[in-house]
1. State all residues of segment 254-286 that are open to solvent by less than 40 Å² (accessible area, probe 1.4 Å), modelled with pLDDT of 95 or more and either within 22 Å of residue 217 (Cβ to Cβ) or part of a helix (DSSP H, G or I) (or both); if no residue qualifies, say none.
2. Quick check on this structure: which one of 218, 151 is open to solvent by less than 60 Å² (accessible area, probe 1.4 Å), assigned to a helix (DSSP H, G or I), modelled with pLDDT under 90 and under 26 Å from residue 122 (Cβ atoms)?
3. Looking at segment 74-86, which of its residues are out of contact with any Asp or Glu (no Cβ under 6 Å at 6 or more places or on another chain), assigned to a helix (DSSP H, G or I) and open to solvent by 20 Å² or more (accessible area, probe 1.4 Å)?
4. Return the total of residues in segment 177-213 being open to solvent by less than 60 Å² (accessible area, probe 1.4 Å) and outside any helix (DSSP H, G or I).
5. Going by the conditions given, is residue 174 assigned to a helix (DSSP H, G or I) and among the small types (Gly, Ala, Ser)?
6. Among the candidates 138, 123, which residue alone is surrounded by fewer than 16 Cβ atoms within 10 Å (Cβ to Cβ) and either without any contact (Cβ under 8 Å) to a residue 12 or more places away in the chain or not aliphatic (A, V, I, L, M) (or both)?
7. Of all the residues that make up segment 104-136, how many are outside any helix (DSSP H, G or I) and aliphatic (A, V, I, L, M)?
8. Within segment 56-107, track down each residue that is under 25 Å from residue 215 (Cα atoms) and of a type in the set (Phe, Trp, Tyr).
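The values are calculated or read from the model by the stated rules, or taken from the named source; none is laboratory data. Bear in mind the structure is a predicted one, so any value in this text is a computation, not a measurement. Because the Cβ atoms are built from the backbone with ideal geometry, glycine has one as well, and the counts that use them run over all protein chains shown. SASA here: full protein model, heavy atoms, side chains in, ligands and nucleic acids out. Shrake-Rupley method; radii C 1.70, N 1.55, O 1.52, S 1.80 Å.
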Amino acid sequence: MSPRAKTTAAFLTIASLLMLLSVSALLRVTQLREHSTLTEVLFIPSAKAVKRMSLGYTGLLADLYWVRAVQYFGNHHLAHAKEYDLLDPLLDITVSLDPKLEPAYKFGAIFLSQKPPQGAGRPDLAVRLVEHGIKEFPNDWHYYFNLGFIHYMDEHDYIAAAEAFERGSSIPNAHPFLKLMAARMRAQGGDRETARLLWQNVFDTYPDKMVRSNAMEHLEALRYDEMIEQIQSRVKVAAQKLGHDPSTWQDVVQAGLLRGTPLDPKGRPLVLMPDGRVQYSRPDDFPFVQLGLPKNRTGN
């Protein structure tokens, strides 16, 4: 074998070894256990490090990391986890490897923004991810809608939401809905009807079944809150008539405010607490509701 051939063979051997080591290290990240420790979080290399180790296969690795992010979210969601420590690093690596991978922005932002156990409860990270998406897709109005949605629903920052909708409304062929929502944000802020409009728009415009199901759960929660609010107002009127908080539903019936014991949407009797509050007997059956919850618990 000539010296040149020997050099070429040695180079190929070293390159193959480096590739195996790189792939092995990357696969180790995709095999992290469901209940990850801080050590495992720290083990994830930076996006830049992963890109250097990819040896040009960035698109393939981005798909692998995206699948891992979805699996990680799904496992934690089903387990009603309170922490999603690996979610943001996995998403960051995914979009760093492939900045044009649209599902990672659209669905990743949902995973990050919603409160546990429905999501990571990090709307700040969701905003950062969507802003990254806007840089890659500046003429897609959907990203501005998602940004305004997160500011409104999860951060309750109505001015930031209005600004996001206004930015999107200036995009060519943007949906007229963005201008409407920008005006509502500045005029009315956090009213229930605005929330209904936003969730209805998500349900009507997103084809993905998971997103539509999530939107429908939020729309149902808004209806349930209205129901509890109406019953609660009748209990309050009954208390004024009786001169004290009613102790049973029969007291409210006798005061002429109800025809019988009110039922929750699952057909179970609602609970009338000693302090006059109306409460679900099984509040965990009603995700995203704000009313009808135990005193020490807030809505999702």
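1. Matches in segment 254-286: 262, 264, 270, 278, 279, 280.
2. Testing whether each residue is open to solvent by less than 60 Å² (accessible area, probe 1.4 Å), assigned to a helix (DSSP H, G or I), modelled with pLDDT under 90 and under 26 Å from residue 122 (Cβ atoms) leaves just 218.
3. Of everything in segment 74-86, those that are out of contact with any Asp or Glu (no Cβ under 6 Å at 6 or more places or on another chain), assigned to a helix (DSSP H, G or I) and open to solvent by 20 Å² or more (accessible area, probe 1.4 Å) turn out to be 74, 77, 78.
4. 5
5. no
6. Unique residue meeting the criteria: 138.
7. So the count comes out to 1.
8. 66, 72, 73, 84, 105, 107
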